[in-house]
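One structure is given below, encoded as structure tokens.
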Amino acid sequence: MKIIRTKAELRALTETWRRAGETIGVVPTMGALHAGHLSLVEAACSATDRVIVTLFVNPKQFNSPEDLANYPRTEESDGKKLKPYSADVLYVPDGAQMYPDGFATTISVTGVSQGLCGAARPGHFDGVATVVTKLLLQTDADQAFFGEKDYQQLQVVRRLATDLDLKTRIVGCPTIREDDGLAMSSRNLRLGKHARATAPVIREALLRTAEAICGGTPVSNALASARSHLHENGILEIDYLELRGDPDLEILDTADRPARLFVAVWLDGVRLIDNLRVQATTAQDGLLELVG
Ligand code: AMP
């Protein structure tokens, strides 16, 4: 696997691949790779001839300088983790490659980027949309792989790729979890021992809520008891806990169509997110089916 740091070198390589008629996949990441990221790399390697993994801690998507400063930067061990896979390139641009002097363009997606993390983290999705658009263009990718763990981000990326007529197909991949159900995240490394032991209650609360909704409990009651459950089990700060329509992410107060539960909490000074699909069925009994 080659490490490339400049757009010019990357372009020279992708042009060679194109001349040979090869397809290109990209996996955008901010590094600190774990099994969740590696599942995307695996999906890319089996879908396209050539695979580029990008590693760029994008300052434009952080709304707190402290969060940006604390974000883990582990390029060397990331390179090692990628060795068993057949990715061709680890693309590691620096800030000057991505945002040269005079950079003045922002890609801003409305609708799906509002609410949830968009409300809690102003400017976050503008930063994501801008960097992802650039990475899709720089890598000339036919397919790009994103995790459902960041489901709102996936919908923002799908929207921008459609709206900007990008050729890249956006592929969503399932959330990879620890054995106790906690969604894998680079931020989990920052949890203290006690907080790490508490964190699985996030997924548990989603499962209980989905089950309650599927069993006919009104959505607002199910969400209220999930909040209590989180509080009672050591999660004192909830950013949001909501049911949203899928894929438009409109807020729902009845689960009468495909939907997802979304949660963001603070634990030990670390912000954790998760989501779970709640699928309305057309079953004659009118009950909902839990599939997430
Ligand atoms: P990040 O490095 O956090 O920006 O994430 C890079 C990509 O990995 C994004 O598409 C994420 O959605 C995806 N990702 C992060 N965690 C997971 C996970 N636990 N399972 C699947 N994909 C993930």
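Numbers at a glance
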{"quantity": "Folded to 0 to 90 degrees: helix 124-139 orientation relative to the chain principal axis, Cα", "calculated": "40"}
{"quantity": "For Leu267, distant residues with modelled amide H under 5 Å away", "calculated": "Leu272"}
{"quantity": "Percentage relative contact order, region 1-140, counting C-alpha pairs under 8 Å, at least six apart", "calculated": "34"}
{"quantity": "Amide H partners (placed H, <5 Å) of Cys173, local residues excluded", "calculated": "Phe146, Gly147, Glu148"}
{"quantity": "Cubic angstrom per residue, convex hull over Cα atoms of the chain", "calculated": "139"}
{"quantity": "Cα centroid of region 222-285 to Cα centroid of region 85-148, whole Å", "calculated": "26"}
{"quantity": "Degrees separating the helix 219-232 axis from the principal Cα axis of the chain, which is the longest one", "calculated": "80"}
{"quantity": "Crossing angle, helix 201-214 versus the chain [Cα axis fit, 0-90 degrees, rounded to tens]", "calculated": "60"}
{"quantity": "Tyr240 long-range amide H proximity, modeled H, under 5 Å", "calculated": "Ala264"}
{"quantity": "Fraction of beta bridges assigned by DSSP in the chain that are antiparallel (%, nearest 5)", "calculated": "55"}
{"quantity": "For region 92-106, 3J(HN,Hα) per residue [Karplus equation, 6.51 cos²θ - 1.76 cosθ + 1.60, θ = phi - 60°, Hz, x = Gly/Pro]", "calculated": "10, x, 9, x, 6, 5, 7, 10, x, 3, x, 4, 9, 10, 10"}
{"quantity": "Relative contact order, percent, the chain [alpha-carbon distance under 8 Å, six or more residues apart]", "calculated": "16"}
{"quantity": "Residue-count net charge about Asn70 - beta-carbon cut-off 13 Å; Lys, Arg +1, Asp, Glu -1", "calculated": "+1"}
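Computed from the coordinates by the stated procedures, all read-outs in this text should not be read as laboratory data. Model, not experiment: these values are computed from the prediction. As a convention, Cβ positions derive from the backbone with ideal geometry for all residues, glycine included, and neighbour counts pool all protein chains shown.
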